[in-house]
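Notes to accompany the following structure.
The values are calculated or read from the model by the stated rules, or taken from the named source; none is laboratory data. These figures come from a predicted structure and were not determined experimentally. Here the Cβ positions follow ideal geometry from the backbone for every residue, glycine too, while neighbour counts run over all protein chains shown.
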Amino acid sequence: MRRRAFVFLASGCILLLGFLVGISITFATAGTFFAGVDYTAQSNAVSGYIPFANPSTPSSIGTLGFSAEWVMANSGTGNYVQVGWLKYPSDTSGPQYFFEYHGGCGSYCRFRYGTINSSDHNYKVQVVTSGTFLNWCGFIDNVQENCGSSSTIGFSTAPKATWSGETTNTDAILGGTSASPVRIYTLTRLNTNGTWTQVNTNSLGNITTPGTNYHATSGWDTTSYVKNWTEIICC
Amino acid sequence: MKRTTIPIIMVAFVFIFLIGLLLGRINSTSRSTVNAQQLPRAPETAQLIQGTQPPTDLPLPTSAATPLPTTIVKLQPTVDPRPASPDAKQLQQDLVSINWSFEPADASSFPPNSSITLQQALDIVKKQYPQFGQANGVVAHIGWLTNKSNSQAIQSGQSVDPTFATAHLVWIVTLSGVQSQSAGPPGSPHDTSNELNIVIDAKDGTYLMDFVWTR
């Protein structure tokens, strides 16, 4: 009788052990994953400070895979211009600065400018007039790197400003920690009246205390995305 | 306990463990599915978006807030169908379309040792880019590359990256058939470029830039 009870109990324990192991197993998932915030308001520039990071981008994510953190002027309907850092699996020296826009050059262009050094950098996209033309330009530490015509990008004033991290596979990580996967601070945008405004990532409302740092840790607003970026599968 | 029953019990335990493992995986998968279903998902294929029908030269608006004329266009994920390697003229034309200029040069016209050779340029790219081995075509062009936006900005006293603000002698090595996926915001179509271009300084072989596009 006692032997049967032992066998029964042992079977239950083993079943439970198998169950727990089964739950804990995770597999790499390909897709597009984001963590960040956006702000819906007409803007002529979007800016933010992104700390240096050299996240893991293993070869298992494929040559198309990457990890990136960026600031963006966004049409809200598919067109955009962005600047930040981006790392492919082949970037053994670390991530590179990049500038990318959608519109013109077929569908999109991406330019990368070399490995970033290990400090925080300011990234900005801004409308710039050049002669009789209007361009969206990318700036790194207030140095203009490259521009795309606003006529091909599709907007001269951005309806939405976005600050985000992005990966193409759950095997790739972002630059922050598990609690704060993306750390972008001093999120600012330029109003159409020419005033720079800092954005509060908690309420996504304007604030009037310049110099305060906000960390984009909570993911997208409740209408779009949840906090835990590793569980998001979209696109 | 009989000796013959011990192996049977061991096998039974392994079997029970596997059942537990399977139940755990089912539980985990169903939770992920529920999470995904609860999320508002981005359109998976085509979507209607508002874009522009751009004029060739966009005049300055009277107010920065003036919206551009809009029309409805359809955006969907694009894969550049062109695996063919560009000739110098094609490269020149395509760069002009994004406000860069490229003036091809004759490598044989440079004094000896004043610039790196084609083979040296390819060796540098081969060393830095594992994608080199995946390319189904490799071409390289030497010439003077200028970013016209930066060129104009520097003349007006703005702070710009000087690298291409004036004509820079470069090798542009094009790896055809090497794919790259666009970044972009959630919900946007993630397009695929089929060409990787690496720009290196033709005088000393320094890496300067790489770019992808769908042209």
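Would it be correct to say that B:L169 is surrounded by 22 or more Cβ atoms within 10 Å (Cβ to Cβ), assigned to a strand (DSSP E or B) and more than 7 Å from every other protein chain (Cβ to nearest Cβ)? Outline the logic, then answer.
Numbers: surrounded by 22 or more Cβ atoms within 10 Å (Cβ to Cβ): no; assigned to a strand (DSSP E or B): yes; more than 7 Å from every other protein chain (Cβ to nearest Cβ): yes.
Spelling it out, it is not the case that B:L169 is surrounded by 22 or more Cβ atoms within 10 Å (Cβ to Cβ), assigned to a strand (DSSP E or B) and more than 7 Å from every other protein chain (Cβ to nearest Cβ).
Please determine whether any residue of segment A:140-153 is in contact (Cβ under 8 Å) with a residue 12 or more places away in the chain, farther than 15 Å from A:G84 by Cα and in contact with a Cys (Cβ under 9 Å, 6 or more places away or on another chain). Yes: segment A:140-153 contains one or more residues that are in contact (Cβ under 8 Å) with a residue 12 or more places away in the chain, farther than 15 Å from A:G84 by Cα and in contact with a Cys (Cβ under 9 Å, 6 or more places away or on another chain).
Looking at B:P61, is it modelled with pLDDT under 85, surrounded by 15 or more Cβ atoms within 10 Å (Cβ to Cβ) and in contact with a helix residue (DSSP H, G or I) (Cβ under 6 Å, 6 or more places away or on another chain)? It is false that B:P61 is modelled with pLDDT under 85, surrounded by 15 or more Cβ atoms within 10 Å (Cβ to Cβ) and in contact with a helix residue (DSSP H, G or I) (Cβ under 6 Å, 6 or more places away or on another chain). The set of residues in segment A:129-155 that are surrounded by 24 or more Cβ atoms within 10 Å (Cβ to Cβ) and in a loop (DSSP other than H, G, I, E, B) comprises A:G154, A:F155. Restricting attention to segment B:134-166, the residues that are within 19 Å of B:A121 (Cβ to Cβ), surrounded by fewer than 17 Cβ atoms within 10 Å (Cβ to Cβ) and within 12 Å of chain A (Cβ to nearest Cβ) add up to 1. For A:T167, indicate whether it is more than 7 Å from chain B (Cβ to nearest Cβ), at pLDDT 80 or above, assigned to a strand (DSSP E or B) and in contact with a Phe, Trp or Tyr (Cβ under 6 Å, 6 or more places away or on another chain). Spelling it out, A:T167 is indeed more than 7 Å from chain B (Cβ to nearest Cβ), at pLDDT 80 or above, assigned to a strand (DSSP E or B) and in contact with a Phe, Trp or Tyr (Cβ under 6 Å, 6 or more places away or on another chain). Selection within segment A:101-132: residues that are closer than 23 Å to A:W196 by Cα and at the interface with chain B (Cβ under 10 Å from one of its Cβ atoms). The member of this set that is farthest from the chain's Cα centre (by Cα) is A:S130. Of the residues making up segment A:83-98, those that are touching a Pro at 6+ places or on another chain (Cβ under 8 Å) and over 17 Å from A:S118 (Cβ atoms) are A:P89, A:S90. When each of A:E100, A:E166 is tested for being crowded, with 24+ Cβ neighbours inside 10 Å and in contact with a Lys or Arg (Cβ under 6 Å, 6 or more places away or on another chain), the lone residue that passes is A:E100. Here segment A:77-90 is the region considered, the condition is being part of a loop (DSSP other than H, G, I, E, B) and more than 8 Å from chain B (Cβ to nearest Cβ), and the residue that is surrounded by the most Cβ atoms within 10 Å (Cβ to Cβ) is A:Y88.
In segment A:169-189, the count of residues that are in contact (Cβ under 8 Å) with a residue 60 or more places away in the chain, touching a strand residue (DSSP E or B) at 6+ places or on another chain (Cβ under 6 Å) and surrounded by fewer than 20 Cβ atoms within 10 Å (Cβ to Cβ) is one or more.
Going by the structure shown, is B:A135 at pLDDT 85 or above and touching a His at 6+ places or on another chain (Cβ under 7 Å)? It is false that B:A135 is at pLDDT 85 or above and touching a His at 6+ places or on another chain (Cβ under 7 Å).
Filtering segment A:69-99 to residues that are hydrophobic (A, V, I, L, M, F, W, C) and within 10 Å of A:V125 (Cβ to Cβ) leaves A:W70, A:V71, A:M72, A:A73, A:V81, A:V83, A:F99.
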